[in-house]
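Scroll down for the structure; my scribbles are underneath it.
The values are calculated or read from the model by the stated rules, or taken from the named source; none is laboratory data. Note that this is a predicted model, so its numbers are computed, not measured. Methodologically, a virtual Cβ is constructed for each residue, glycine included, from the backbone with ideal geometry; neighbour enumeration extends over all protein chains shown. We work out accessible area using only protein heavy atoms, side chains counted, and drop any ligands, DNA or RNA first. Shrake-Rupley method; radii C 1.70, N 1.55, O 1.52, S 1.80 Å.
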Amino acid sequence: MAALSGSIPIWHISAAANRAKKVNADARLPRSVGRNADGLPGGRMIGKAVVDTEGVEVGYVAGEDAQFLRIAEGPVGSLFLGRRFIDRIEDRVVLKGAIEDLFRGLNVVDASGEFVGIVRDTVETEDTMDSLIVEDEEGETVVVVLEDIKMIDEFIELDVTADELYANAG
């Protein structure tokens, strides 16, 4: 390996030059890179209510990452909501449509990964999302409360098994 001044390998100098080029290139990135949908640095959605287009509240933002918002629903727990549902951020986080339209038709799996059913409807209490109505493979419906939901994205993942879900419902 060739060396400069007998002590610093050429590859080391080349790597340092490449790092300097990257830093300079990063300085030219548009302001939107590395920022949330509202154009503000990370964490600006925390504490904001999450509502659908009809004003029905899901909860409030308790945390966020690149793929999900962690939605707290009060003292009982939280769930992860995929960012794909977000339309815009104002004084609150507004979803892309009505909750029942967004979630209807999503598959539901339990904590062990077993298929439970398909969301058929939502239940709201005083403009707050309360639960989902899920139809299983036999055509029977079961109510899934928000506290039992771990994640909503391309499908809904529960924090409980199907046996626990049916035992709680009965």
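Here the relative contact order of region 121-170, from alpha carbon pairs under 8 Å that lie six or more residues apart, stands at 22 percent. On region 67-125, 45 percent of the accessible area sits on carbon and sulfur atoms, based on a 1.4 Å probe. Charged neighbours of Ile133, selected by a Cβ distance under 10 Å, balance to -1 (K, R count +1; D, E count -1). Distance between the 7 Å Cα→Cβ label points at Asp91 and Lys150: 3.7 nm. Any idea how far apart Ala167 and Arg84 come out in nm if each label point goes 7 Å out from Cα toward Cβ? Taking the two extended label points, one gets 3.3 nm. Among the protein heavy atoms, those of Phe115 account for about 90 Å² of accessible surface (1.4 Å probe, every chain in place).
Under 5 Å from the amide H of Asp159 lie the amide H atoms of Ile149, Lys150, each residue being 5 or more positions distant or on a separate chain, with H modelled from the backbone and absent for Pro and chain starts.
Keeping all protein chains in place and using 1.4 angstrom, which order do Glu54, Glu147, Glu157 fall into by accessible surface area, from largest down?
On the way: Glu54 120, Glu147 80, Glu157 45 Å².
Solvent-accessible surface, decreasing: Glu54, Glu147, Glu157.
A 1.4 Å probe over all protein chains sorts Met45, Met151 by accessible area into Met151, Met45, starting with the largest. Note on exposure: Phe85, Phe80 ranked by accessible area (1.4 Å probe, complete protein assembly) read Phe80, Phe85, with the most exposed listed first. Solvent exposure of Val58, expressed as accessible area, is near 10 Å², computed with a probe of 1.4 Å over the protein chains only.
Per residue, how much accessible surface does region 97-170 expose to a 1.4 Å probe? Answer in Å², no decimals. Please list the in-between numbers first.
On the way: 3810 Å² over 74 residues.
In whole numbers, region 97-170 has 52 Å² accessible per residue.
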